[in-house]
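The next block holds one structure in the form of structure tokens; read it before the comments.
The values are calculated or read from the model by the stated rules, or taken from the named source; none is laboratory data. In this text the structure is predicted, and so the values were computed from the model without any measurement. Surface accessibility is based on the protein's heavy atoms, side chains included, excluding ligands, DNA and RNA. Shrake-Rupley method; radii C 1.70, N 1.55, O 1.52, S 1.80 Å.
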Amino acid sequence: MNKADKIWLDGKLVNWDDAKVHVLTHALHYGVGVFEGIRAYKTSDGRSAVFRLREHLQRLYDSAHVVLMEIPYPIERLQEACIETLKVNRQPEGYIRPLAFYGYGNLGVGAVNPVQVTIATWPWGAYLSEEGLKKGIRAKVSSFTRMHVNVNMVRAKISGQYVNSFLANREAVMSGYDEAILLDTEGYVAEGSGENLYIVKNGTLFTPSLSSPVLAGITRDSVLKIAKDQGVPIVEQKFTRDTMYLADELFMTGTAAELTPVREVDNRRVGSGQPGPVTKKLQETFFRTVHGEEQRYREWLTYY
Ligand code: PMP
């Protein structure tokens, strides 16, 4: 990974190599941590900006609420800390990873240990490759299932829930694909291991609604707003795996993955096998937005 100089840990900036925890940290054993992935971009006027910082931090606090965790700082403090960490690391663009977790103390499953909070920033380019962004990736429906809404807390981004994503992603990559697509327990399409998923059919954009076991992606929210503003009809509903095979276009969104077209799924070409016109237009507007070139979405940027 691309190291930076400092990491914010429990209120202080410490050297990257000193940002350590005890091996008996509760979260390391049981996965009770909540986290975010956020991106900062260089904008066209030379300044840098974090994309939808407030919404990401709000989701962090919401995730903490779901797991009965009290983050020991007001949201404004973590907002400042994100910017402070980017600045001290002299990063005009990159990835921001806030994490709040139960620390050291007792090791019973239900122990309520002190909550620790950390924010790391580092340079991170295209998650599913530059080529993937341009030409589209190859995905495979996973043998792992997105957990039922009564098992996973789907509104929350909880560390332990990512074992499911890890297994699905490893399986897909070890089988020669770029990313996994997970179905829900009924067999309908849910999402990627770390991305929301969309198809385009006859000009209409379809994506599973938020009552499916999918994360309420902030990129999803942004892309649906952009699509609506472009007059693209949007339907939020479940669809089957073969609906994906017969889609004209398929793409995924996430903070890490940004807007990545999918050119092939389960060895079937999607549409023409190239990113389609709706995907391309949304991707172009999305990148213009994060780079501060779309006036109407300026409120999504926190400049620093
Ligand atoms: N689904 C899952 C499972 C994810 O981990 C992510 C990444 N946070 C997303 C969807 C996309 O969410 P966002 O656009 O907020 O990054």
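Roughly speaking, to the nearest percent, how much of the stretch 67-116's 1.4 Å accessible area is carbon and sulfur?
About 57 percent, which is the carbon plus sulfur part of the accessible surface.
In what sequence, largest accessible area first, do ASP17, ASP229, ASP184 appear using a 1.4 Å probe?
So, going from the largest accessible area down, we get ASP17, ASP229, ASP184.
Within the accessible area of the stretch 168-238, what % is carbon and sulfur when the probe is 1.4 Å and the other protein chains stay in place?
Summing carbon and sulfur atoms, their accessible area is 48 percent of the total for the stretch 168-238.
For the chain, with a Gaussian network of springs between Cα atoms less than 10 Å apart, report the residue from SER129, SER63, SER272 with the top mean-square fluctuation.
Judging by the Gaussian network model, the answer is SER272.
Relative contact order of the chain, please, whole-number percent, based on alpha carbon pairs below 8 angstrom and at least 6 residues apart.
20 percent
So for the chain, considering every pair of alpha-carbon atoms, how many percent are separated by more than 24 Å?
On the way: 24545 of 46056 pairs.
So the portion of pairs separated by more than 24 Å is 53 percent.
Any chance you could list the semi-axes, whole Å, largest first, of the equivalent ellipsoid that the Cα gyration tensor gives for the stretch 130-290, using √(5λ)?
Value: 22, 18, 15 Å, ordered largest first.
How are the C-alpha pair distances of the stretch 1-129 spread across 10 Å bins, as whole percents from the shortest bin up?
Using 10 Å bins, I get a P(r) of 12, 42, 34, 10, 1, 0 for the stretch 1-129.
So which of LYS6/LYS157; LYS20/LYS87; LYS87/LYS228; LYS87/LYS281; LYS6/LYS280 end up more than 27 Å apart by C-alpha?
Too far apart for the 27 Å limit: LYS87/LYS228; LYS87/LYS281; LYS6/LYS280.
Considering only GLU293, GLU93, GLU80, give the residue with the highest GNM mean-square fluctuation for the chain, with springs between Cα atoms whenever their separation is below 10 Å.
GLU80
Provide the per residue accessible area, probe 1.4 Å, for the chain, rounded to a whole number of square angstrom.
Values: 13820 Å² over 304 residues.
Heavy-atom accessible area per residue stands at 45 Å².
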